Structure formats: C-alpha cells, structure tokens
Amino acid sequence: MSCEVCQLKELEVGHFEFEIQEVLRCILHTILFHRALGLVRPKDADLELFDITYVQCGDLEIEKKIEEKIEQFISWVEKHPNKKSQICLSFYEVKNKQASWFTNKIERLYWEQWYINLNVSQLPRTHSSKSHRTKVVVEPGVENAMEERSARRAALEASLRDVMFQIIKFVNEKKDHVPPIPNREGVISYPYEITIPSSSDSAFGMDMIKRMLQTGHPTMLS
C-alpha cells in the first residue's frame with residue numbers, strides 16, 4: 001500500500017502564540033474537513049489576524065485534539081526558538097496482523113501524510129507608544145517596526161492562502177489512494193494522528209522514517 005505525501009509550502013510565522021494558533025487551526029481543520037466522511041456539520045470559522053475563513057467539521061473531539069497538539073507545539077517552540085519545524089498529519093487504516101516476535105497484532109497502514117512546514121522567527125517586541133506628560137510620544141524606529149510587522153503579516157496571509165489552495169488542489173487530484181469508508185456508525189473522520197517535533201529532534205526524525213518504511217515509498221506532490 002503506497003502513501004501519498006503532501007509537503008505544504010513553508011510559512012514564515014512570528015514567535016507569537018496567537019499567530020501560531022491561528023495558522024495551525026486553519027490548516028489542520030481544513031485538511032480534516034476535506035478528508036471527512038460526510039457525516040459532518042460544517043462550521044465556518046473566521047481568523048482574527050487574517051482575512052480568511054475556513055471550515056471545521058463541527059466535531060468537539062477533533063477540535064479538542066487539534067487544540068492539544070497546538071499547545072504541545074507551542075511548548076516545543078518556546079524551547080527551540082528561531083528553528084524550522086514540521087508537523088505531520090497522517091491518515092491510516094488499522095489492520096490486524098499475525099503476532100510475531102517483532103510486531104504487534106494491530107498495525108497502522110498510513111495512506112496519506114501532510115507535512116506542515118513552519119519557520120517560527122523570534123521577532124523584536126515593539127511598543128507602539130508611550131505617555132509623557134499626557135502627550136503621546138512615538139519612539140524612534142517604532143513606526144518602521146510596525147510597518148514591517150504589517151508587511152510581514154500580509155505576506156503570511158498570502159502564503160496561508162497559497163497553502164489553502166494547495167490543500168484543495170491535492171484532495172481534488174489525489175483520490176485513488178483513499179480507502180473505502182470504514183463501516184462504523186457515527187464516524188466523522190478516518191483514523192488520524194498529529195505528530196509534532198519531540199524534545200529530541202532525532203526521535204522525531206526516526207519516527208518519520210519508521211512511518212515511511214511502514215507505508216512503502218511515498219509519492220510527492222508539492
């Protein structure tokens with residue numbers, strides 16, 4: 001069984017918790033919505049930092065899982081500032097396998113993986129103004145810094161839109177590998193997992209290699 005892999009465009013994100021949350025919510029919910037099984041109540045969600053609306057499945061368990069993983073990723077970023085990072089959303093099938101010395105009875109067969117690539121940059125904090133004898137005095141350089149932040153956020157919004165289109169293009173073009181719908185009542189999504197970098201980057205890398213070996217040689221679409 002081959003595994004389709006989508007490497008999403010790298011996003012330049014500021015080291016701001018809310019900005020990271022907005023970006024990851026948008027991407028993860030969009031992917032899961034487009035791979036939902038039809039038993040969903042679509043819910044529009046507007047980003048506060050960007051003029052972008054995305055769709056959620058309207059499932060509390062999915063929302064809870066996404067929020068937990070985002071919080072874990074933010075904790076990782078705090079310990080590894082100014083570092084490129086990758087989050088992997090994988091869909092898989094569960095197969096029963098004959099037990100042996102080296103394998104469990106249940107095996108995960110990954111059929112699709114999405115790699116979210118973020119470059120989280122530590123940016124200088126700016127204070128827009130300060131009071132001095134009831135007059136507002138703008139600090140030297142603050143205006144330029146605010147303009148730079150505005151330009152950077154506009155660039156991030158444009159890149160995030162590109163990623164949204166990339167997701168839609170992938171799901172429309174890549175359909176043959178999607179397994180039959182599981183015969184389980186009330187199931188919203190195919191089985192999935194969200195993997196974030198661990199405290200040990202090498203452990204995360206080994207986990208990725210192990211997963212790719214389980215699924216065979218992946219095909220790429222960028």
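Each value in this text was obtained by applying a stated rule to the coordinates, not by laboratory testing. Just so it is clear, the model here is predicted, and its values are computed rather than measured. Glycine also receives a Cβ, built like all others from the backbone with ideal geometry; neighbour counts cover every protein chain displayed.
Observations on the model:
- In plain terms, the chain from N82 to K169 could stretch by 28.3 nm, reckoned as 0.36 nm per residue minus the Cα-Cα distance.
- Subtracting the Cα-Cα distance of R161 and S75 from 0.36 nm times their residue separation leaves 28.4 nm of extension gain.
- Over 19 Å (Cα to Cα) - which of K9/K83; K84/K169; K9/K169 fall in this group: K84/K169
- In order through segment 83-88: 3J(HN,Hα) via Karplus (6.51 cos²θ - 1.76 cosθ + 1.60), integer Hz, x for Gly, Pro: 9, 6, 9, 9, 10, 10
- Segment I52-L39, length gained on full extension (0.36 nm per residue, minus Cα span): 2.2 nm
- Peptide packing for 162-175, 16-29, 61-74 was compared via the average number of neighbouring C-beta atoms within 10 Å per residue; ordered from the highest value, the list is 16-29, 61-74, 162-175.
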